[in-house]
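As structure tokens, the structure follows; a few thoughts come after it.
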Amino acid sequence: MSRSGAIPPEGLLQLLGSIVLLSSAWPITKVALAAGATPSWFAVGRAGFSGLAAFAVLTPISLFAVIAVAGAHVSPHGFAILMYSVPAAVLAVALVVGAQLLGRN
């Protein structure tokens, strides 16, 4: 909450999104079960979405590791260029997912 006690608009938007997504789960589940889906398909769907989320979070870290390993096979100048490009990739991902960066209000 802000100092004035009012809920910021971003918080209200996140609350509304949560309400819409969570309240839509039961009708979607009901339709899927009526269409013949079994509980195992719901488990597969959850695992798939979890995998996509993990991939999105771990991609910058994996990119850094791949660049570090590749550095053993390139010249020092090429390795420096690769290493200095990692922060740009991480910054791009942070901006896409809406992370709050230091110094930004």
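Some points to look at:
- Screening the candidates A32, A37, A70 for the property of being outside any helix (DSSP H, G or I) and either without any contact (Cβ under 8 Å) to a residue 60 or more places away in the chain or aliphatic (A, V, I, L, M) (or both) yields one hit, A37.
- Matching entry among A56, A94, A47, A89 (being under 18 Å from the mean Cα position of the chain (by Cα) and exposed (fewer than 12 other Cβ atoms within 10 Å of the Cβ)): A47
- Evaluating L21 against the criteria (1) among the hydrophobic types (A, V, I, L, M, F, W, C); (2) surrounded by 10 or more Cβ atoms within 10 Å (Cβ to Cβ); (3) within 23 Å of the chain's Cα centre (by Cα) leaves one unmet condition, (2).
- Residue in the range 73-81 that is in the same structural domain as A92 (by TED's automatic domain parsing), over 24 Å from A99 (Cα atoms), aromatic (F, W, Y) and in a helix (DSSP H, G or I) present: yes
- Hey, V86 under 28 Å from A25 (Cβ atoms) and not in a loop (DSSP other than H, G, I, E, B) or not: no
The values are calculated or read from the model by the stated rules, or taken from the named source; none is laboratory data. The shown structure was predicted, so the numbers you read here are calculated from the model rather than taken from an experiment. So basically every Cβ, Gly included, is an ideal-geometry build from the backbone, and we count neighbours across all protein chains shown.
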